[in-house]
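Have a look at the structure below, then the notes.
The values are calculated or read from the model by the stated rules, or taken from the named source; none is laboratory data. Only a predicted model underlies this, so the values are computations on that prediction, with no experimental measurement involved. Cβ coordinates were reconstructed from backbone atoms using ideal geometry, including for glycine residues, and neighbour counts include every protein chain displayed. The accessibility values were calculated without ligands, DNA or RNA, using every heavy atom of the protein model including side chains. Shrake-Rupley method; radii C 1.70, N 1.55, O 1.52, S 1.80 Å.
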Amino acid sequence: MAEEASSSSSIFSLKATRPPDDTVFYSIYPDSSSATSAAELGSLHRRILDQLHPLIAPYIWQHQPFTLSLSSFPSIPHLSGHLRFGDNLEDEWFVVYLLFHISRTFPNLSIRVWDSDGEFLLIESAFHLPKWLNPDTSLNRVFIRRGLLHIIPKSILPGTPDLEDSLRVLVSRDDDPRLMAPDAVQFHLSKRIGQYPEHAYRNVHRVRIAVPVSVAWVLRKEPSLVSFAVEGFYDRDIDGMKFAVKMEKFLPTGKEEEMVEVVVRMPRAMYAQLVQQRFQAPRCYPMPDRSNVGKYVEAELGMKIACGFEMMYQLRKKQTDEGKGSTWEVYRESLERSGLFEGLLQGSKEYKRLLENAEENYKNSFLPGRASEVLNAPVRCIDDILALPYSVDDFKGLELPQSDDDSWLYGGEDELNAALQERQKEVEFYDLKRKKKHNLKEQKDGNLDKSFDDYDLGDITKSMDAFVKKISSYEGAEVPEDRNLEDLDFDADQFMKHIESAMGVHGSKDDGSDVDLEEESMSDMDFDDYEDKSDHSEDIEDGGEAFMDSYSDALNQELKATTLNKTFVHAKEQSSRKKDEGTSGVSDEMEFTPVDVDFNLVKNLLESVSSQEGLPGPASNLLGLMGVKLPDEAGKDK
């Protein structure tokens, strides 16, 4: 089934197994689906259909009625179905209403519904969804349960959850408010389906028509067959037109056939399909004089329905084996053609098991009564109806209601504009919320700037400078008196000598001899014992300059490929210092302008305080230790 294939792929993209554009799919999972037997699932199936029967009995579907069948794909026993709504979107939303009604009546169910657009329930309330929810993250996260829409957040199920994990979460965390969709989403969905089922019933148009008595008899016995007639007429082709010319089934005596008046019910979309199409009546079809406009309109509409019946009946009978045997036999033969029994001997144990399952599924697949006959085999159903005795007298002397007003057909522009305005209001409301949020942020930022007008940020730099000079020195930061740490003996000159040696930089007085690292290290250790201190000072001075140039070049070369230069705010004035190109291998583009130390200090401290979001942290603790108190807004909304 298309539903089974599509359930394993993304329900928004559905690239490989994209369902038809005019079909809605749905699946119903009992909470105990992993342990549900076929009998229990069958019982649930019947109870659901019994619950829905009063709601759907008055309704005429565009192409096919609402159905449910037993399924076990993918290894999870559940009920599933699909409905082709064609041009009538009301059918799709009526299905959504029925699914919400099922979830309220049977609270221990989790229900999925989707179409070719994917999670179209989310599309309906797109302006109110969580930011993380998108077509790539919605797979197996959106369910109908207990009359409400549930969305499993990433905090509960990260990554891409499989169906079993999602169902398990819904059952185990049934009362978790995090699983509920936002209130705005619930409100929009409730508003969309809140007028059902009355809205669906109002979508059915009632009209008086004149048709051959055979067509009238079929419509009286099975009103839903009008869907097949309109579909046959609207989707007609050359082959179908050949059958309409003769009208062998529904107009066997040609113009001698008596015409009767009946009232037929159909969706508004179906009525529009009939009225808006021009169609020349076959020569064999009796039509009244055009002077009687009312009678002619009724006869013309009836003629289109009668021709649709003829084309649908003859084409289906020609293309299928519906006219042979029972509908069960047709269903079984279709299973054989699909390869269900491939490789199995007829009468074998496995063959019988599959056949029994197919028969049980056939019995439980559709609505009770003749609905299964109508859906599976309209040709067989029509033959059975016309085999019953009927006559023109059955339609004489009846009080028929007048046709419904069809002004809605010609005033659709107003309804369309109203719908567009409703959508436009949603967009404007959404933009207004974003604008208010932006203005509020700017206002807070303005208040923050205002609060600092009377506050001298230079106090921070002064306090920091005093802090450094007061409790810090070249020996390092002071430690509490109760900690007994040994003094660190650090010789700065010897450390620089080691760095110089590692980089291969020597003083200008180097004698040019090759000294290995061990010997050089030993000489460095005896550095203080040199007697010729004056020569040594010259070596250090000359070598220090060479070292600093090399070190600066090496440092700039490392920083060249980084963005470190952009992380500091520089002083506006350009550096007047120019390096000697003869000793520097770094291009002019790496020349750094001076860094505004005080400004960067204050900026970084404020950013640190802001990141704490009002909580204790190192920046606020350090400022408090220095006796600096920032305004209340300093750490907010930055």
Margin query: Let me cross-check L139: its accessible surface, 1.4 Å probe, with only protein heavy atoms counted, in Å² to the nearest 10?
Written below: 30 Å²
Next item on the list: Taking 7 Å along the Cα-to-C-beta vector as the label spot, tell me the E256-Q195 distance in nanometres, rounded to one decimal.
Entry: 5.2 nm
Note to self: At a threshold of 8 angstrom on Cα-Cα distance, excluding pairs fewer than six apart, so keeping six or more, what relative contact order does region 36-112 reach in percent?
What the structure shows: 25 percent
Next item on the list: May I ask for the distance between the Cα centers of region 47-114 and region 217-281, given as a whole number of Å?
Entry: 28 Å
Notebook entry, point to check: Roughly how many Å² of V392 are accessible to a 1.4 Å probe, to the nearest 10?
Noted result: 20 Å²
Item checked: Largest to smallest accessible area among R380, R208 [probe 1.4 Å] -> R380, R208
Checklist line | Per-residue SASA entry for D405, accessible area with 1.4 Å probe, Å² rounded to 10 | finding: 110 Å²
Item checked: region 140-200 - percent relative contact order, Cα under 8 Å, separation 6 or more -> 34 percent
Next item on the list: Could you tell me, in Å, what Rg and Dmax come out for the Cα atoms of region 217-265?
Entry: 12.2, 30
Item checked: Computed label-point distance, nm, for sites K435 and R104 using a 7 Å Cα→Cβ extension -> 3.7 nm
Next item on the list: Of the options A181, L167, S214, report the single residue whose Cα projects farthest towards the positive end of the charge dipole of region 149-248 (beta-carbon charges: Lys, Arg +1; Asp, Glu -1).
Entry: S214
Check: Cβ under 10 Å from S103's Cβ, S103 left aside: what net charge do those residues give with Lys, Arg +1 and Asp, Glu -1?
Finding: +3
Check: If T562, T67 are ordered by their accessible area, calculated over protein heavy atoms with a 1.4 Å probe, which sequence runs from highest to lowest?
Finding: T562, T67
Next item on the list: Kindly report the accessible area of region 160-230 per residue (heavy atoms of protein chains, probe 1.4 Å, no ligands, DNA or RNA), in Å².
Entry: 44 Å²
Margin query: One quarter of the convex hull surface, Cα atoms only: what value does that give for region 94-154 in nm²?
Written below: 4.3 nm²
Item checked: Whole-number percent relative contact order across region 89-199, with pairs defined as alpha carbons under 8 Å at least 6 apart -> 33 percent
Next item on the list: Please report, as a whole percent, how much of the solvent-accessible surface of region 120-247 comes from carbon and sulfur atoms (probe radius 1.4 Å).
Entry: 55 percent
Next item on the list: Multiply the residue gap between L89 and D176 by 0.36 nm, knock off their C-alpha separation, and tell me the result in nm, one decimal place.
Entry: 28.0 nm
Check: Extension gain R202-S407, at 0.36 nm per residue separation less the Cα-Cα distance, in nm?
Finding: 72.4 nm
Note to self: With the cut-off at 28 Å, tell me which of the pairs K249/K352; K249/K295; K242/K396; K154/K603 have Cα atoms farther apart than that.
What the structure shows: K249/K352; K242/K396; K154/K603
Note to self: Leaving ligands and nucleic acids out of the surface, order L251, L70 by accessible area at 1.4 Å, largest first.
What the structure shows: L70, L251
